[in-house]
């Protein structure tokens with residue numbers, strides 16, 4: 001038999017089996033199975049937060065009321081130092097409540113109670129939510145910049161110990 005005739009016979013046989021549905025029969029068992037695997041999650045990281053640079057608005061002087069007179073504005077940044085997304089709700093900023101300056105021991109010390117942060121009452125912290133609006137989610141390594149104001153307010157006490165202070169310490173807490 002020649003090769004062409006052989007191919008035709010084999011092809012016709014395969015076609016006939018396929019059309020008739022009587023192909024090769026297989027026997028099988030059914031079974032079930034279970035397995036285990038794992039995945040892992042990352043962790044949150046501390047926010048990096050702090051003042052960008054000291055204010056260039058000039059020195060502070062005692063002012064009669066919050067919102068009037070000499071106000072220094074200062075930029076600060078918040079950065080997600082983590083490897084994943086993190087949500088910021090707010091940043092709390094204050095003059096360090098543990099700080100004081102007392103060059104002249106006969107007069108009251110200069111303390112956080114001599115300053116208003118973010119137009120808040122004397123010595124109080126200011127809570128800034130602007131960096132969480134409209135989107136509170138910071139992607140990995142994302143930074144955003146906010147602004148805070150500081151003002152020295154006249155009190156009923158002698159404030160001579162607040163003169164010529166180059167670094168009034170601000171503290172920032174992001175969460």
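No value in this document is a laboratory result; all are computed from the given coordinates. Everything numeric here is computed off the predicted structure, so don't read it as measured data. Ideal geometry is used to build each Cβ from the backbone, glycine not excepted, and the neighbour counts take in all protein chains shown.
Odds and ends about this structure:
- On full extension, the segment bounded by residue 103 and residue 155 gains 16.9 nm, given 0.36 nm per residue less the C-alpha separation.
- Backbone N under 13 Å from the residue 92 label point (7 Å along Cα→Cβ), restricted to the range 124-160: 124-128
- Helix 3-20 axis, angle to the chain major axis (alpha carbon atoms, nearest 10°): 70 degrees
- Computed [θ] at 222 nm, deg cm²/dmol, the chain (DSSP H ≥ 4; -39,500 (n - 2.57); rounded to nearest 500): -3500 deg cm²/dmol
- Choice from 105, 33, 50 showing the highest fluctuation, given a GNM over the chain with Cα pairs closer than 10 Å: 33
- This structure gives Rg and Dmax of the Cα atoms in Å, computed directly, and of [x] 16.5, 53; [y] 36.7, 126; [z] 16.3, 48 that value is listed as [y].
- Of all beta bridges that DSSP places with both ends in the chain, some 95 percent have antiparallel geometry.
- Extended-chain gain in nm, criterion 0.36 nm per residue less alpha-carbon gap, residue 81 and residue 175: 32.5 nm
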